[in-house]
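Written out below as structure tokens is the structure these notes cover.
The values are calculated or read from the model by the stated rules, or taken from the named source; none is laboratory data. What you see is a predicted model; the values in this text were computed from it and never measured. Cβ placement follows ideal geometry from the backbone for every residue including glycine, while neighbour counts extend to all protein chains displayed.
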């Protein structure tokens, strides 16, 4: 299991200036290499190195190993771009957006992350486990004894499991003051995934129903009520008095629509800032929800069942007022957060088919579209069972997870 650790560099003014200028030179060189790759239509690492290595070395006075890293970064960026084009991320063939992306070489921001391998950046750790020092190549020469700090658990993970390259990143606050960070990948052994006969029953799973009004609802009643009360449509104002999560999403969408209509340079600049702010807000809420779900699953020894929403935007037909709301939350991110947090503690996670989970009665099993007369209300036409619709959906997800788990367990050779 791969985990990412970020630590902060405690650089003085001179060291920080060297680090910032190094990052700017690396990204300026990467932009040049990307333009050459686009003009010559050369994107493979080996071929790109052959035609750009001398240019990369001479452009900003980069060291040999750093120049190699810059070329690899450009090649990897074009690989990702081609994959996004194949998957339709920038529209269909012939669309104006896709043609603009295809005809424009990749550019790198001055503060974009730059990878360094162990020959360009070496680590040293304090005996106390709260930090250490690094020695890093810069355009001013080698900077040694550059302090870094992090949580003791993070530093211990770095010491034991760090593997591969380390990314140097510079972030700026609202005043433009830079702060440097190191981001490293740790290859941590997977803990054993919990198993047992209790996973053959719906009670062995926490079903998580994802939705528009309530972002996530769990089949565990206490947890489900907490998620509805905290992140649902009727949640009270938060500490800052800005309303529920749904209210903030609505206001963000309305402001985004207003700015898009203005279409001025300042409006576009504000849109970019708002997009980053909205992404941070969504990630924060998704982290909170996933942490609560995984904590309950770990404490009670149950697994977590999620809906497989792959391709949901193409499959589902919605009324026009619902389309923007349906597409304005990072449900895939929430599922990824739950999955990696669960993997850390050995909690099993299953993705199940969401078909009819909102229409099936958990009392008698009757399936009918009319069982759900209202967004919040479920009323079975056959047995009269009444419950919150999202709670019913989460229970059906748990029921399907138990069925899928039993099916996997009976397959010859299955673990």
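Screening residue 178 on (1) in the same structural domain as residue 331 (by TED's automatic domain parsing); (2) in contact with a helix residue (DSSP H, G or I) (Cβ under 8 Å, 6 or more places away or on another chain); (3) surrounded by fewer than 16 Cβ atoms within 10 Å (Cβ to Cβ) shows it passes everything except condition (1). The residues in segment 377-391 that are surrounded by fewer than 16 Cβ atoms within 10 Å (Cβ to Cβ), in contact with a strand residue (DSSP E or B) (Cβ under 8 Å, 6 or more places away or on another chain) and outside any strand (DSSP E or B) can be counted, and the count is 0.
For segment 62-118, a residue qualifies if it is closer than 15 Å to residue 38 by Cα, over 24 Å from the mean Cα position of the chain (by Cα) and assigned to a helix (DSSP H, G or I), and the qualifying residues are 71, 99, 100, 102.
Could you go through segment 248-255 and let me know if any residue there is assigned to a helix (DSSP H, G or I) and more than 30 Å from residue 388 (Cα to Cα). Don't jump to the end; show me each part of the working.
Going residue by residue through segment 248-255, those that are assigned to a helix (DSSP H, G or I) are 248-255.
Remaining after also requiring more than 30 Å from residue 388 (Cα to Cα): 255.
Yes, that holds for at least one residue.
For residues that are touching a helix residue (DSSP H, G or I) at 6+ places or on another chain (Cβ under 6 Å) and within 26 Å of residue 336 (Cβ to Cβ), scanning just segment 254-284, find the one that is surrounded by the fewest Cβ atoms within 10 Å (Cβ to Cβ). Once the filter is applied, the top-ranked residue is 271. Among the conditions (1) surrounded by fewer than 17 Cβ atoms within 10 Å (Cβ to Cβ); (2) more than 30 Å from residue 277 (Cβ to Cβ); (3) within 34 Å of the chain's Cα centre (by Cα), the only one that residue 340 does not satisfy is (2). Just one of the numbered conditions (1) without any contact (Cβ under 8 Å) to a residue 40 or more places away in the chain; (2) farther than 24 Å from residue 137 by Cβ is not true of residue 39: (1). Within segment 42-58, the residues that satisfy the criterion of being free of Cβ contacts under 8 Å to residues at least 12 places away in the same chain and part of a helix (DSSP H, G or I) are 46, 47, 50, 54, 57, 58. Filtering segment 17-25 for residues that are buried (at least 19 other Cβ atoms within 10 Å of the Cβ) and either in contact with a helix residue (DSSP H, G or I) (Cβ under 7 Å, 6 or more places away or on another chain) or not in a helix (DSSP H, G or I) (or both) leaves a non-empty set. Among the residues of segment 392-413, is any farther than 16 Å from residue 306 by Cβ, buried (at least 18 other Cβ atoms within 10 Å of the Cβ) and at pLDDT 85 or above? Within segment 392-413 (the criterion being farther than 16 Å from residue 306 by Cβ, buried (at least 18 other Cβ atoms within 10 Å of the Cβ) and at pLDDT 85 or above), the answer is yes, since at least one residue qualifies.
Would you point out which residue out of 361, 379 is within 35 Å of the chain's Cα centre (by Cα) and either within 30 Å of residue 191 (Cβ to Cβ) or modelled with pLDDT of 90 or more (or both)?
On the way: 379 fails: within 35 Å of the chain's Cα centre (by Cα).
That would be 361, the only listed residue that is within 35 Å of the chain's Cα centre (by Cα) and either within 30 Å of residue 191 (Cβ to Cβ) or modelled with pLDDT of 90 or more (or both).
If you go through segment 40-48 one residue at a time, do you hit one that is at pLDDT below 90 and surrounded by fewer than 17 Cβ atoms within 10 Å (Cβ to Cβ)? Within segment 40-48 (the criterion being at pLDDT below 90 and surrounded by fewer than 17 Cβ atoms within 10 Å (Cβ to Cβ)), the answer is no, since none of the residues qualifies.
Among the residues of segment 135-160, which ones are more than 17 Å from residue 21 (Cβ to Cβ) and either touching a residue at least 60 places away in the same chain (Cβ under 8 Å) or assigned by TED's automatic domain parsing to the domain that holds residue 61 (or both)?
First, the residues of segment 135-160 that are more than 17 Å from residue 21 (Cβ to Cβ): 135, 144-145, 147-160.
Of everything in segment 135-160, those that are more than 17 Å from residue 21 (Cβ to Cβ) and either touching a residue at least 60 places away in the same chain (Cβ under 8 Å) or assigned by TED's automatic domain parsing to the domain that holds residue 61 (or both) turn out to be 147, 148, 149, 150, 154, 155, 157, 158.
Please count how many residues of segment 119-134 are surrounded by 18 or more Cβ atoms within 10 Å (Cβ to Cβ) and either assigned by TED's automatic domain parsing to the domain that holds residue 77 or part of a loop (DSSP other than H, G, I, E, B) (or both). The number of residues fulfilling the criteria is 1.
In the condition set (1) without any contact (Cβ under 8 Å) to a residue 12 or more places away in the chain; (2) surrounded by 14 or more Cβ atoms within 10 Å (Cβ to Cβ); (3) assigned to a loop (DSSP other than H, G, I, E, B), residue 225 is compliant with all but (3).
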